[in-house]
Amino acid sequence: QVQMVESGGGLVQAGGSLRLSCAASGRIFNRYPMGWFRQSPGKEREFVAHITWSGDSTYTADSVKGRFTVSRDYAKNMVYLQMNSLKPEDTAVYYCALADRPLQRMLSPKDQYEYDYWGQGTQVTVAS
């Protein structure tokens, strides 16, 4: 079984920072893309960022571009999301996800349905 576990969420004031971590274990395809998504009550799950196996290619959603940075540690099977200049609208449950196929075989790395393994999520609350 592949396990994905997020951590690092919490309560932070607007303008503050948080660093989320996602630990992957089991039969890991660590050369495949990993992504971050978030979801608020009453809203659809939305794409935040993804990173390729090399760590050289990343993509960040326009809503968080310039504020969030995604990175990866292959040796530890970890992916991180550094969140700076947080805004109240960033409040959501954040999920990490892992694909079981390479980027070239994904229709879109920004689509949640392209990912196969998911964590339980970690709550991020940004107070104004």
Original post:
In the stretch 104-125, what residues are over 14 Å from the mean Cα position of the chain (by Cα) and open to solvent by 60 Å² or more (accessible area, probe 1.4 Å)?
Top reply: 104, 105, 107, 113
**OP:** Please identify the pairs in which a residue from the stretch 71-84 that is without any contact (Cβ under 8 Å) to a residue 40 or more places away in the chain has its Cβ atom under 9 Å from the Cβ atom of a residue that is of a type outside the set (A, V, I, L, M, F, W, C) and not in a strand (DSSP E or B), counting only partners at least 6 apart or on another chain.
**Re:** 71/55; 72/30; 72/52; 72/54; 72/55; 73/55
Subject >> Subset of the stretch 89-114 (residues that are at pLDDT below 95, part of a loop (DSSP other than H, G, I, E, B) and not aliphatic (A, V, I, L, M)) >> reply: 100, 101, 102, 108, 109, 110, 111
**OP:** Looking for whichever is buried (at least 18 other Cβ atoms within 10 Å of the Cβ) and assigned to a loop (DSSP other than H, G, I, E, B) here; the options are 81, 86. Which one fits?
**Re:** 86
**OP:** Identify, by number, the condition in (1) open to solvent by 30 Å² or more (accessible area, probe 1.4 Å); (2) assigned to a loop (DSSP other than H, G, I, E, B); (3) in contact (Cβ under 8 Å) with a residue 12 or more places away in the chain that residue 64 doesn't meet.
**Re:** (1)
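The values are calculated or read from the model by the stated rules, or taken from the named source; none is laboratory data. Keep in mind it's a predicted model, so treat the numbers as computed, not measured. Positions of Cβ are generated from backbone atoms using ideal geometry, with glycine treated the same way; all protein chains shown enter the neighbour counts. SASA here: full protein model, heavy atoms, side chains in, ligands and nucleic acids out. Shrake-Rupley method; radii C 1.70, N 1.55, O 1.52, S 1.80 Å.
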